[in-house]
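Have a look at the structure below before the remarks.
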Amino acid sequence: KKVQEGDFSVSDVVVDSKNEIGSLTKSFDVMTHRIQELMEQNVHEQEQKRKSELKALQSQINPHFLYNSLSMINWKAIEAGEEEISQVTLALSAFYRTTLNKGRTWISLRLALQNIQAYVQLQLWMHDNDFKVHYDVDEKLLDYELPSLIFQPFVENALEHGLDIKEDPDHQIWFCIWENPQTDLIYVSIRDNGVGMDTDTLAHVLEYHGVKNVNDRMKLSFGEAYTIQIKSEQGKGTEVLLHFPKVQKGESNES
């Protein structure tokens, strides 16, 4: 019954019987060990696959050419007295610098926050500043790390599927980072006051490609318990809640 429920810790059952029950028990032990090995192998292969996909995505852009081009545009804008163009260029440069992250698949919360701030600033210019964003961040948590490219899809969804189709002009996003001292876990909330989702859409939202990709990477990186939680109420908005343990990999020992 325990194996049927996914608990493979019941293997290594000791039996001395030489009859059919003894033979069946030994075969059962071999089977559970093999299943556990295959499960661990599958998790490892999926993790390696996602790392390869991320590295392939990052390698599609030549960062030196991109940064040099943006730097040139920035100086041209400054020479021409175009302050706003200079600011847009700097925000775009910061966004791609933190997105590419020197090819690393993990990123500090500090850089992840900078990435979101640059992305939001670009979106503010594109939206004629028709929404407000509020940051509430515990600064002492910013050196801890998580997988790259986690937050941006949810901020993008908040704008595209939440605020952009809302008739009420009160458009707001809240981005918060805090810790729970009782569990020693880090929490990140991305909330909007957009149109929200109906119960059927909410029930299947973790199956959507972008959201599923992020959810799978969080579980592969931290464990099955660290799935993404999404709360939404139609007409009131949506909140994405992530939680994960404190990790400091460092550039030299990233796995």
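The values are calculated or read from the model by the stated rules, or taken from the named source; none is laboratory data. Predicted, not measured: the structure shown is a model, and the values here were computed from it. Positions of Cβ are backbone-derived with ideal geometry, glycine not excepted, and every protein chain shown enters the neighbour counts. Remember, those area values only see protein heavy atoms, side chains included, never the ligands or the DNA or RNA. Shrake-Rupley method; radii C 1.70, N 1.55, O 1.52, S 1.80 Å.
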Filtered residues of segment 236-253 (kept if surrounded by fewer than 18 Cβ atoms within 10 Å (Cβ to Cβ) and at pLDDT 90 or above) | Lys236, Leu241, Pro245, Lys246, Val247
Can you name every residue in segment 80-121 that is open to solvent by 60 Å² or more (accessible area, probe 1.4 Å) and in a helix (DSSP H, G or I)?
-> Glu83, Glu84, Ile85, Gln87, Leu90, Tyr96, Arg97, Lys102, Arg110, Gln114, Gln117, Gln121
Only one of these conditions is not met by Leu206: (1) assigned to a helix (DSSP H, G or I); (2) open to solvent by 40 Å² or more (accessible area, probe 1.4 Å); (3) farther than 13 Å from Leu241 by Cβ. Which number is it?
-> (3)
Out of (1) more than 19 Å from Val120 (Cβ to Cβ); (2) over 16 Å from the mean Cα position of the chain (by Cα); (3) among the aliphatic types (A, V, I, L, M); (4) surrounded by 16 or more Cβ atoms within 10 Å (Cβ to Cβ), what's the single condition that is false for Ile186?
-> (2)
Considering (1) on the phi > 0 side of the Ramachandran plot; (2) in contact (Cβ under 8 Å) with a residue 60 or more places away in the chain; (3) in contact with a helix residue (DSSP H, G or I) (Cβ under 8 Å, 6 or more places away or on another chain), say which one Glu145 fails and leave the rest.
-> (1)
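Determine, yes or no, whether Thr25 is among the polar types (S, T, N, Q), at pLDDT 85 or above and farther than 29 Å from Phe244 by Cα. Quick ask: steps written out before the conclusion?
Working: among the polar types (S, T, N, Q): yes; at pLDDT 85 or above: no; farther than 29 Å from Phe244 by Cα: yes.
No, not satisfied.
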How many residues does segment 147-175 hold that are open to solvent by 30 Å² or more (accessible area, probe 1.4 Å), closer than 13 Å to Ile116 by Cβ and not in a helix (DSSP H, G or I)?
-> 2
